[in-house]
Amino acid sequence: MGCGISKPSETVKLPEKLPISEAQSVENYVVVWFIGSNDQNEVTDIKKSMEQLQQVFSVVKNFTDADQCRAFIYQVKLEKTSLCKKLNEDANQCNHDLIGYEVVESTVSTNSIDSNRQKASFMYSQLFKETILRTNDGNIKDLCDFCRKHYQGNKEEMLFLDRLEKTYPEEPPARWYSYEGCLYRVLSKALRTCDFNALYSMRVIIRDLHKQLANVHSRNKNGRMELYRGQGMEDKEFNEICNNKEGLLIISNF
């Protein structure tokens, strides 16, 4: 999925930590590009390449200082860090497979710490969901402003966000969610990682998506809908689900 960065064996003195907003990303992947040349012609070519790269990976961080670049890489959490080009189809497949789920055992776990942590996480998620669905505050501008902070310099995503802010809700939320744009990726990751700050900023689209899906479900005469979704996962994850008979499987996604 890309070339990883391993820490050197000798002690490396790093500069002060970057601000949290710079060291974190709302995307599943971050491309880090170190520009070590001062040649203006080469820098111009690099910038053109970066614009092309943003068509595949929306978040591209570039550095001219080696220490700052190294510090950023060491501080990245939950994202895959990449220093080279990747295939578009691989990125799309990875985004598809990065679905959040949690297996809740039907019996009390022998590990009380893990069990309590799992129960607390589930409780907080349910309380947050109920709060979002029962309120009517906020507008789509909150979502767009939140995303713009993370996509500065990405022309395609900026155009998408401008169109979303100007025309929503002329098109139903499910259609916006299915478009090729940052909305699906940002919301999916926020749901998967329980990023409540991001989810709060996106509360309007979450609420509207829920209402639309609930409306579709209510019109179903059979009262039940069977949907199928292809999903890639590790053998360990698959076996964990299979071995949890009569347990609860929580999927944090639309």
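The values are calculated or read from the model by the stated rules, or taken from the named source; none is laboratory data. Since the model is a prediction, treat every value here as computed from it, not as a measurement. Here the Cβ positions follow ideal geometry from the backbone for every residue, glycine too, while neighbour counts run over all protein chains shown. What goes into the accessible areas is simple: the full protein's heavy atoms, side chains included, and nothing from ligands, DNA or RNA. Shrake-Rupley method; radii C 1.70, N 1.55, O 1.52, S 1.80 Å.
One table, with the values for the structure above:
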quantity: Considering residues of segment 137-152 that are touching a residue at least 60 places away in the same chain (Cβ under 8 Å) and part of a loop (DSSP other than H, G, I, E, B) only, the residue farthest from Asn62 (Cα to Cα); calculated: Asp137
quantity: In segment 160-214, the residues that are open to solvent by less than 30 Å² (accessible area, probe 1.4 Å), in contact (Cβ under 8 Å) with a residue 60 or more places away in the chain and among the hydroxyl-bearing types (Ser, Thr, Tyr); calculated: Tyr177, Ser188
quantity: Segment 129-148 - residue that is within 16 Å of Asp195 (Cα to Cα) and of a type outside the set (Asp, Glu) and, of those, nearest to the chain's Cα centre (by Cα); calculated: Cys147
quantity: Matching residues, segment 232-254, being polar (S, T, N, Q) and either farther than 20 Å from Cys194 by Cβ or in a helix (DSSP H, G or I) (or both); calculated: Asn239, Asn243, Asn244
quantity: Qualifying residue in segment 170-177 (condition: closer than 30 Å to Leu249 by Cβ, modelled with pLDDT under 90 and of a type in the set (Phe, Trp, Tyr)); calculated: no
quantity: Options Arg219, Arg192, Arg203; residue that is touching a strand residue (DSSP E or B) at 6+ places or on another chain (Cβ under 8 Å), of a type in the set (Lys, Arg) and closer than 27 Å to Leu164 by Cβ; calculated: Arg192
quantity: Identity of the residue in segment 234-254, open to solvent by less than 70 Å² (accessible area, probe 1.4 Å) and of a type in the set (A, V, I, L, M), that ends up farthest from the chain's Cα centre (by Cα); calculated: Ile241
quantity: Single condition Lys119 does not satisfy, out of (1) at pLDDT 65 or above; (2) basic (Lys, Arg); (3) surrounded by fewer than 16 Cβ atoms within 10 Å (Cβ to Cβ); (4) under 20 Å from the mean Cα position of the chain (by Cα); calculated: (4)
quantity: Any strands (runs of 3 or more DSSP E) falling wholly within segment 21-87 and containing at least 3 residues that are among the aliphatic types (A, V, I, L, M), within 24 Å of Ala190 (Cα to Cα) and at pLDDT 70 or above; calculated: 29-34
quantity: Cross-chain or 6+ apart pairs with Cβ under 8 Å, segment 43-72 first and among the charged types (D, E, K, R), then open to solvent by less than 40 Å² (accessible area, probe 1.4 Å); calculated: Lys61/Val30; Lys61/Val31; Lys61/Val32; Lys61/Phe72
